[in-house]
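Read-outs throughout are calculated quantities, based only on the coordinates presented, and are distinct from any laboratory measurement. Computed from a predicted model, the values in this text were never measured in an experiment. Every residue, glycine among them, receives a Cβ derived from its backbone with ideal geometry; neighbour counts consider all protein chains shown.
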Amino acid sequence: MSELTLNNGVTIPQLGFGVFQVPPEDTQRTVEDALAAGYRHIDTAAAYQNEEGVGAAIADTGIAREDIFITTKLRNGEQGRAQEAFQNSRKALGLDYVDLYLIHWPVPSQGLYVQAWKEMERLYENKEIRAIGVSNFLSDHLDTLLESAEIVPAVNQIELHPSYQQAELAGKCRSLGIEVEAYSPLGQGADLNGNAVTSIATAHNATTAQVVLAWHLATGNIVIPKSVDPGRIRENFAASSLTLSDDELAAISALESGARLGSDPAVASFTQL
């Protein structure tokens, strides 16, 4: 499994496993399936309400803690008490430290994400978090944060898939030393049906999901597909061994349509509580 080195020297497996919308009662089994398939990077969040299941899976696998990279996120409604929220997540996970902690959404209407970042910087300095970052931050949110930040975010996790690539934002992140992490990497399945993807999949005797994930990896994105099906979990992980040609990569990149599927970070204001 390929790894990327974050701007503070911490390494992160480029292909991770997401548990968004995985029911709490299914999370432990699903994460255990992912770890058995070879994943060593698990992405959760307090808002998903399944941190306990992730932690239980880690505890039961027997895999050394230092060999598993765990990400969780600060809920929007807790930006004013980030330290307390982090400790609650850490305890739910049953871990001494978290590898990556993200501000889940900027929620600019609250005006609290800079304050939350300051608290996260202290947690990082105390070595309770190995790296800190953001999620769903647009260019102006990054500019505001960096005006007073002591630490540049290690990651910006954003909606990114072939039909919505956010190339300008991704380019800005990389120019600042911020790694780009893609959620909804398959466009919630919508990006798997185009002729370009299906023809490439046929040529490689691969699934369409493997083709899109291989495109992400070749592009340099950290990517976190999710599934509750053990067979699909294994199939997605196998994308790490699929190599696409430059022409194939270009054909997938040409699918850009500017169609956002999720909420607009410029106006999103839900609390997640």
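Does region 1-64 come out rounded, prolate or oblate by the C-alpha gyration tensor, with a ≥ b ≥ c the root eigenvalues, rounded set by a/c under 1.5 and, if not, prolate when a/b is larger than b/c and oblate if not?
Values: a/c = 2.10, a/b = 1.53, b/c = 1.38.
Prolate, because a/c is 1.5 or more and a/b exceeds b/c.
For region 116-185, run through the trypsin sites (Lys or Arg not before Pro) and keep only the ones in DSSP coil with at most 14 other Cβ atoms within 10 Å of their Cβ.
Working: sites: Lys118, Arg122, Lys127, Arg130, Lys172, Arg174; in loops: Lys127.
Passing both the DSSP loop test and the Cβ count: Lys127.
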What is the chain's relative contact order, in percent, from Cα pairs under 8 angstrom and six or more apart in sequence?
-> 20
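With only Lys, Arg, Asp and Glu charged, each at its Cβ (+1 for the first two, -1 for the last two), find how big the charge dipole of the chain is about the Cα centre; round to the nearest 20 debye.
Details: 18 positive and 35 negative charges, 47 e Å.
That gives the chain a dipole magnitude of about 220 debye.
Specify whether the C-alpha gyration tensor of the chain places it in the rounded, prolate or oblate class, a ≥ b ≥ c being the square roots of the eigenvalues: rounded for a/c under 1.5, otherwise prolate if a/b is larger than b/c and oblate if not. Please list the in-between numbers first.
Working: a/c = 1.75, a/b = 1.26, b/c = 1.40.
Note, shape of the chain comes out oblate.
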Local charge sum around Asn156 (other residues, Cβ-Cβ under 15 Å, Lys/Arg +1, Asp/Glu -1)?
-> -4
Please name which of Ile42, Tyr101, Thr27 has its Cα lying farthest along the dipole of region 3-187 towards the positive end, using unit charges on Cβ (Lys, Arg +1; Asp, Glu -1) and the Cα centre as origin.
-> Tyr101
Reduced to Cα centres, the span from region 18-93 to region 103-138 in Å works out to 18
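How much net charge surrounds Gln272 when only the other residues with a Cβ under 10 Å from the Cβ of Gln272 are counted, with Lys and Arg +1 and Asp and Glu -1?
Details: positive: Lys73, Arg75; negative: Glu78.
Once positives and negatives cancel, what remains is +1.
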Sorted by chain and number, the residues with a modelled amide H under 5 Å from that of Ile103, at a separation of 5 or more or across chains, are Leu74, Gly133, Val134, Ser135
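To the nearest 500 deg cm²/dmol, what mean residue ellipticity at 222 nm is calculated for the chain from DSSP H runs of n ≥ 4 alone, each contributing -39,500 (n - 2.57), summed and divided by the residues?
Mean residue ellipticity at 222 nm (helix-derived): -12000 deg cm²/dmol.
Which of the pairs Lys73/Lys127; Lys73/Lys118; Lys91/Lys118; Lys91/Lys172 have their Cα atoms more than 24 Å apart in this structure?
Among Lys73/Lys127; Lys73/Lys118; Lys91/Lys118; Lys91/Lys172, the Cα-Cα distance tops 24 Å for Lys91/Lys172.
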Hey, what angle do you get for helix 195-204 against the long axis of the chain, alpha-carbon based, 0 to 90 degrees rounded to 10?
-> 70
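Can you classify region 162-228 as rounded, prolate or oblate using the Cα gyration tensor, where a ≥ b ≥ c are the square roots of its eigenvalues, rounded means a/c under 1.5, and otherwise it's prolate if a/b beats b/c and oblate if not? Spell out each step's value before the answer.
Working: a/c = 2.14, a/b = 1.92, b/c = 1.11.
Taking the square roots of the gyration eigenvalues as a ≥ b ≥ c, region 162-228 is prolate.
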Angle in degrees between helix 208-219 and the longest Cα principal axis of the chain, rounded to the nearest 10 = 60
